[in-house]
1. Which one is most open to solvent (accessible area, probe 1.4 Å) among residues in the stretch 125-145 that are under 15 Å from C165 (Cα atoms) and aliphatic (A, V, I, L, M)?
2. Quick check on my filter: what residues within the stretch 168-185 are surrounded by fewer than 21 Cβ atoms within 10 Å (Cβ to Cβ) and within 17 Å of A501 (Cβ to Cβ)?
3. So I159 fits all but one of (1) surrounded by 20 or more Cβ atoms within 10 Å (Cβ to Cβ); (2) out of contact with any Asp or Glu (no Cβ under 7 Å at 6 or more places or on another chain); (3) assigned to a helix (DSSP H, G or I); what number is the exception?
4. Might you let me know whether the stretch 421-442 holds any residue that is in contact with a Ser or Thr (Cβ under 6 Å, 6 or more places away or on another chain) and at pLDDT 80 or above?
5. Looking at I327, I351, I314, I355, which is the one that is surrounded by 23 or more Cβ atoms within 10 Å (Cβ to Cβ) and either over 23 Å from C175 (Cβ atoms) or touching a Gly at 6+ places or on another chain (Cβ under 6 Å) (or both)?
6. Scan the stretch 218-244 and report the pairs whose first residue is charged (D, E, K, R) and whose second residue is crowded, with 21+ Cβ neighbours inside 10 Å, with Cβ atoms within less than 6 Å and a gap of 6+ or a chain change.
7. Of the residues L242, L234, L148, which is open to solvent by 10 Å² or more (accessible area, probe 1.4 Å), part of a helix (DSSP H, G or I) and at pLDDT below 90?
8. In the stretch 363-375, what residues are more than 17 Å from Q246 (Cβ to Cβ) and either of a type in the set (A, V, I, L, M, F, W, C) or in contact (Cβ under 8 Å) with a residue 60 or more places away in the chain (or both)?
Amino acid sequence: MATVIRSKISNKLSNAATTVTNKSQAKVSGMFARLGFQAATDEEALGFAACDDLDYDHRQGLQMDILKNDEMGGGEGGGEMGGEGTVEGDSHYQRDGTGPPPSASKDGGFCSEFGGPDKPKITAWEAGWNVTNAIQGMFVLGLPYAILHGGYLGLFLIIFAAVVCCYTGKILISCLYEENEDGQLVRVRDSYVDIANACCAPRFPTLGGHVVNVAQIIELVMTCILYVVVSGNLMYNSFPNLPVSQRSWAIIATAALLPCAFLKNLKAVSKFSLLCTLAHFVINILVIAYCLSRARDWAWDKVKFYIDVKKFPISIGIIVFSYTSQIFLPSLEGNMQKPSEFHCMMNWTHIAACILKGLFALVAYLTWADETKEVITDNLPSSIRAIVNIFLVAKALLSYPLPFFAAVEVLEKTFFQDGGRAFFPDCYGGDGRLKSWGLSLRCALVVFTMLMAIYVPHFALLMGLTGSLTGAGLCFLLPSLFHLKLLWRKLLWHQVFFDVAIFVIGGICSISGFIHSVEGLIEAYKYNLPD
């Protein structure tokens, strides 16, 4: 009897509670309806609950994937970006829906070369070595020529460009990350192209990627052209008594580069990269040692604050081009064991580059003063010039395949391998072999670099033009613009000021350098000035 009475009382209480709840819900719904809101129906509530369950399951799956990746990565730093509340690996999750998954990233294939999810991660020292190779390469040879037209201001620009390029490299990487609902930084983009597309979404979701791809292609192809130009220049000045012109040496160098058209990957070339870099450092030491041996004759009075207004903007392009590495940074940071060490790596690599470049440019200019040539090794005595230049030519020829292969991958992915959006049919067969017409296009690109080197054989002017056109864009303008666009609400006032200042200064330097470089090329071509 007591059980029956207890059950009746509980039923009445539950019915009364249900009635009160329904009335209160009706009052709340009526109030929201009067305010202009619409209450959710039972079907909608069930749909929301189902979405919450799916979202919970999705996040649980993501967490399990991250744990599995951490276990496979083997311990410390494997799945961390580092710092507080920072997670890496959730590259598919993104709040605004923009940005393709990693497999759809189309940045010219750099990710496939530098590594992927199945490839071993690199340490901060290895990443720093790659950045050092990019900013301490062959084009340091043109820096004394920049001091010739800029004096002490040229030295200041070497320091200023190092600081700015280090800063823009960091903010470019920050654009790869966003905060999730838990306040953790998540890598939602994989490349420079992904960042550009996210900035132009949703109206023009692919416009930014196309702009970056065009800038990358121009810079990579111009780099190839500069390698051919410098090879012809060095060989001509090494053997001036031979009846072979600089253009003929450029043709000979291009003949040696034709096998690049058959490249499928860079494994064969990468074996020589360390030797090439070491050889380049040895050459720099030899040049500095020779300059130090003539320290008594240094022309300190020639280094002034006066600048050549017409040629100094070209020097700006030369200096900026010698620091360009932003194209490689997203894929490089994504393949570091500890991405939290990226900022520290950028600091010491650019500090070292600034010191070495400044000393090299100043010491070389003090030695030859107004006689400084576009490629500083041409000033060396004939007894050692030939040996040094031959090593430099070997380095240039072995460095050519990297930008060439990268340019080919960007072109192939954009025009031939973009699924249904490709402009032309795939240049690879079903068995993965390169078709004959695809090979012809690669050969045509090699020949194009030769023709440009033959008809525009001016190393400093080409370097200044490239630095002003694409170097300033990729290193100064676009990173600061993307940083403002994607992280505007989170930036402090001084960060906004830095970004705006870099964009304005970079734009002025880019426009002035481009105009004066073009004028210099027209003048050199018109009056047949010496190469």
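The values are calculated or read from the model by the stated rules, or taken from the named source; none is laboratory data. Computed from a predicted structure; not experimentally measured. Glycine also receives a Cβ, built like all others from the backbone with ideal geometry; neighbour counts cover every protein chain displayed. Accessible surface areas use protein heavy atoms only, side chains included; no ligands, DNA or RNA. Shrake-Rupley method; radii C 1.70, N 1.55, O 1.52, S 1.80 Å.
1. A134
2. Once the filter is applied, which keeps residues that are surrounded by fewer than 21 Cβ atoms within 10 Å (Cβ to Cβ) and within 17 Å of A501 (Cβ to Cβ), the stretch 168-185 yields K170, I171.
3. (1)
4. no
5. Going through I327, I351, I314, I355 in turn, just one is surrounded by 23 or more Cβ atoms within 10 Å (Cβ to Cβ) and either over 23 Å from C175 (Cβ atoms) or touching a Gly at 6+ places or on another chain (Cβ under 6 Å) (or both): I314.
6. Going by the 6 Å Cβ cut-off, the qualifying pairs are E219/T470.
7. Result of the check over L242, L234, L148: L148.
8. Selection gives V363, A364, Y365, L366, T367, W368, A369, D370, T372.
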